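Report on the following structure.
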Amino acid sequence: MKIVKIVATYLLALPYLVFGLNYFFNFIPMPPSEGDAAAFAGLLVSSGFFTVLKVIEILLSLLLIFNFRKALALVLIAPISVNILMYEIFLVGTPSIGVMLVALNLFLLITNYSKYKPFVTD
């Protein structure tokens with residue numbers, strides 16, 4: 001089970017690291033968005049929100065990769081995973097990587113439940 005958790009951690013962290021760095025260095029050409037998705041993404045970029053989000057994604061992915069404060073990183077990256085999935089469902093129309101991110105995040109949160117148990121119980 002330990003190997004499965006390690007692989008799941010890397011599979012969760014890698015997309016955040018790669019796409020976070022890609023935002024700043026543009027080494028993977030991204031297809032242009034259309035319609036509401038393009039308008040929403042445009043607002044995120046023009047407001048500076050996306051820059052902050054990508055920095056947070058990179059930092060959290062590094063915490064996961066180096067196994068430093070992993071429980072905290074999993075909790076903080078969960079809302080980002082859910083937002084990616086909601087963006088894909090409601091604005092793009094077809095869920096893709098968001099499903100994997102949410103599933104991996106959920107799996108890792110459940111398998112690390114002992115770290116969160118003091119916060120859940122009275």
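Placing unit charges on the Cβ atoms only, positive for Lys and Arg and negative for Asp and Glu, gives the chain a dipole magnitude near 640 debye about its Cα centre. Once the C-beta distance of Ser47 and Arg69 is scaled by a Förster radius of 35 Å, the resulting FRET efficiency is 0.75 to the nearest 0.05.
Entry for region 28-68 at q = 0.14 Å⁻¹: log10 I(q)/I(0) = -0.45, Debye formula applied to identical alpha-carbon scatterers, no solvent contribution. Take the Cα radius of gyration of the chain and divide it by 2.2 N^0.38 Å, N being the number of residues; the result is 1.12.
The mean sequence distance of close C-alpha pairs (under 8 Å, at least 6 residues apart), as a share of the length of region 1-116, puts its relative contact order at 31 percent. All other residues whose Cβ lies under 12 angstrom from that of Leu101 are scored, Lys and Arg at +1 and Asp and Glu at -1, for a net of -2. Other residues with beta-carbon under 12 Å from the beta-carbon of Gly42 carry, at +1 per Lys or Arg and -1 per Asp or Glu, a net charge of -2. Mean-square fluctuations from a GNM of the chain, with a 10 angstrom spring cutoff on Cα atoms, peak among Ile58, Ile89, Ile80 at Ile89. Using just its DSSP H runs of length 4 or more, each adding -39500 (n - 2.57), the chain gives a mean residue ellipticity at 222 nm of -26000 deg cm²/dmol after division by all residues. Going from the fewest other Cβ atoms within 10 Å to the most, the residues Thr121, Thr111 appear in the order Thr121, Thr111. Legend: distances between Cα atoms for Lys2/Lys117; Lys70/Lys115; Lys70/Lys117; Lys2/Lys54; pairs beyond 18 Å are Lys2/Lys117; Lys2/Lys54. Selection among Leu91, Met30, Ile65 by position relative to the dipole of the chain gives Ile65 as farthest towards the positive end (Cβ unit charges, Cα centre).
Here, each number is a calculation from the coordinates, and none is a lab measurement. None of the values given here were measured: they were computed from a predicted structure. When we count neighbours, we look across all protein chains shown, and the Cβ atoms used for this are built from the backbone with ideal geometry, even at glycine.
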